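Inspection log for the structure reproduced underneath, given as structure tokens.
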Protein chains: 2
Amino acid sequence: MLIAVGVSARHLHLSDEHLEILFGQGYRLTPKRHLSIPTQYVCEERVSIRGARGAIHNVAIIGPTRAQTQVEVTRTDAVTLGANPPIRLSGDLDESAPVTITGPKGQVELPEGLIVAMRHIHMTEKDADELGFSHKDYAMVIVPGPRSLVFDHVVVRVARENTHTELHIDTDEANTAALSNGEKVNLLRINDKKIRLEQLIAMFDERQLKQVEACIANIVAEERRKVAEMEDMLALLRKG
Amino acid sequence: MLIAVGVSARHLHLSDEHLEILFGQGYRLTPKRHLSIPTQYVCEERVSIRGARGAIHNVAIIGPTRAQTQVEVTRTDAVTLGANPPIRLSGDLDESAPVTITGPKGQVELPEGLIVAMRHIHMTEKDADELGFSHKDYAMVIVPGPRSLVFDHVVVRVARENTHTELHIDTDEANTAALSNGEKVNLLRINDKKIRLEQLIAMFDERQLKQVEACIANIVAEERRKVAEMEDMLALLRKG
């Protein structure tokens, strides 16, 4: 099944409390552009983030405010900051990395809140039903093109409010796969969610791989035979 | 087969002519640290590179000098520079992107020479023989871990001077796979080099995938049966 790709650049979500510290009491965020998840928007406001080694300026804020402040960067950004954020799903901030946020009116020193986002798929209930996936299952995605690869271990997030199914990756991942926002990738219809590709292939030694290849070759030969039969039939019809 | 990973950060190779323009007449590069390919070394000298939008400073030079100047950046760097370099193997510079290099004594405006390196495997002749790969074949590599994936379409470079087999990726790719220099990945022993994973899986519709899965399930069941038989035998021996 072909699904669209959404590429996330570094960004952060602010709590009401931190928004006021950074921008002043009673401040409200100014929506600039809506995201593919329609309740979310990029704001006009920007902030700086700082780690042990360096800072990154002009970082986008995604509104509306949330219960917890969360900063999402790439591993490339993490090197610039001199930080070591864990790879996490949004909202899972326990023992994540520290980071300092600076706005026009103040500064927030977070003891935790810096993460690298784990790649994931926002899936509609309809697609999940059809493909046999449940919330928090893992999926595999095939990316074609000049830097083709397979993203194994992509977390599926099924939610009623999802209006379409979309793969979310960060800019490191998009650059690695030579993908841009909105391009299509192939979500595998593999129902056995317990088998990851890595494990699947690691299960086989050379002799077993030969068996699998032979099995695949048989299927291909069978399909070719059908095509040849149809061609023969067409040739006969044309003669007659 | 487990092979080591070598992560390449942005760097450049200089021609003798360009070395003299950037550092002065008769200048010689100062080796600082040897690379995994023993004839190559990182130099003490650094330069800046510039594109239409921005510059990157303190870029490493890899010695010795070469026939052609070549600048290798990540796609993340390319965004910073405002450039659109193609994904290429080292040395393949026809119609690659323009870039300006600045050193302490001068500046070189290259009409072409900026590329994003195509991921590749330096392979020993012995490993190539054993695995059934030839120079310029494509291989697949499985990366385990928290950001597990499969690098499909990895070019194999077989050469007599290769002392060990190693996967070379750039920092975007290393960050995407959560890999560091020297870690191990699994090079697949798949001899049919014409079949890429993408094509292999795309060949099958749902019915065919079920057949492949059934075939795999049979192999697994057969292996389990053998294990059960051996366990029974062991139990009998223990009783007797």
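For A:Cys43, B:Cys215, the sequence from fewest to most other C-beta atoms within 10 Å is B:Cys215, A:Cys43. Specify whether the C-alpha gyration tensor of the stretch B:1-68 places it in the rounded, prolate or oblate class, a ≥ b ≥ c being the square roots of the eigenvalues: rounded for a/c under 1.5, otherwise prolate if a/b is larger than b/c and oblate if not. Verdict is oblate for the stretch B:1-68.
Counting charges near B:Ala60 (Lys, Arg +1; Asp, Glu -1) among other residues having Cβ under 12 Å from its Cβ returns a value of +1. Tally Lys/Arg at +1 and Asp/Glu at -1 over every other residue whose Cβ is under 15 Å from the Cβ of A:Ile115; what's the total? Charge balance near A:Ile115 sits at -3.
Between B:Leu149 and A:Asp152, B:Val143, the built amide H atoms are under 5 Å apart, and every one of these is 5 or more places off in sequence or on another chain. Helix B:206-239 and the longest principal axis of the Cα set of chain B meet at an angle near 60°. Our compactness index for the protein assembly as shown, the C-alpha radius of gyration over the empirical 2.2 N^0.38 Å, is 1.14. Across chain B, the longest run free of exposed loop sites, meaning trypsin sites (Lys or Arg not before Pro) lying outside DSSP classes H, G, I, E and B with no more than 13 other Cβ atoms within 10 Å, spans B:54-104. Count Lys and Arg as plus one, Asp and Glu as minus one, and take only other residues whose Cβ is under 14 Å from that of B:Thr124; the net charge is then -3. Among the GluC sites (Glu not before Pro) found in the stretch A:46-128, those both in a DSSP coil and sparsely packed, with 11 or fewer other Cβ atoms within 10 Å of their Cβ, are A:Glu95. The alpha carbons of chain B occupy a box of 86, 42, 31 Å along the principal axes, longest dimension given first.
Here is how far apart the B:Ala221 label points are across copies: 2.2 nm, shortest first, using a point 7 Å from Cα toward Cβ. Just so you know, the Rg over Rh for the stretch A:109-161 is 1.11, from Cα atoms, with Rh as the Kirkwood radius. For B:Gly113, the amide hydrogen comes within under 5 Å of the amide hydrogens of B:Ser96, B:Ala97, counting only partners 5 or more places away or on other chains and with H modelled in the peptide plane.
Please report how many Lys pairs in chain B have alpha carbons closer than 30 angstrom, counting only residues at least 8 apart along the chain or sitting on separate chains. For chain B, qualifying lysine pairs total 15. Applied to the stretch B:35-47, the Karplus parametrisation 6.51 cos²θ - 1.76 cosθ + 1.60 on θ = phi - 60° returns per-residue 3J(HN,Hα) values of 9, 5, 8, x, 6, 9, 8, 7, 9, 4, 6, 10, 9 Hz, with x for Gly and Pro.
Below 8 Å, C-alpha to C-alpha, sequence gap of six or more: please give me the relative contact order for the stretch A:8-117 in percent. Over the stretch A:8-117, the number comes to 31 percent. Each copy carries A:Ser15; placing its label point 7 Å along the C-beta direction from Cα gives inter-copy distances of 5.9 nm, listed from smallest up. Kirkwood radius and radius of gyration were both taken over the C-alpha atoms of the stretch B:2-117, and their ratio Rg/Rh is 0.95.
Take B:Lys210, move 7 Å from Cα toward the beta carbon, and the resulting point lies 3.1 nm from the same point in each other copy, nearest first. For the residues A:Ile21, A:Ile169, A:Ile121, a GNM of chain A with alpha-carbon springs under 10 Å puts the largest fluctuation on A:Ile21. Note on B:Glu130 and B:Tyr27: the model spin-label points, each 7 Å out from Cα along the C-beta direction, lie 4.4 nm apart.
Quick note: the coordinates plus some simple rules give every number you see, no bench work behind them. Just so we're clear, the structure is a prediction, and the values are computed from it rather than from any experiment. All Cβ positions, glycine included, derive from the backbone under ideal geometry; neighbour counts span all protein chains shown.
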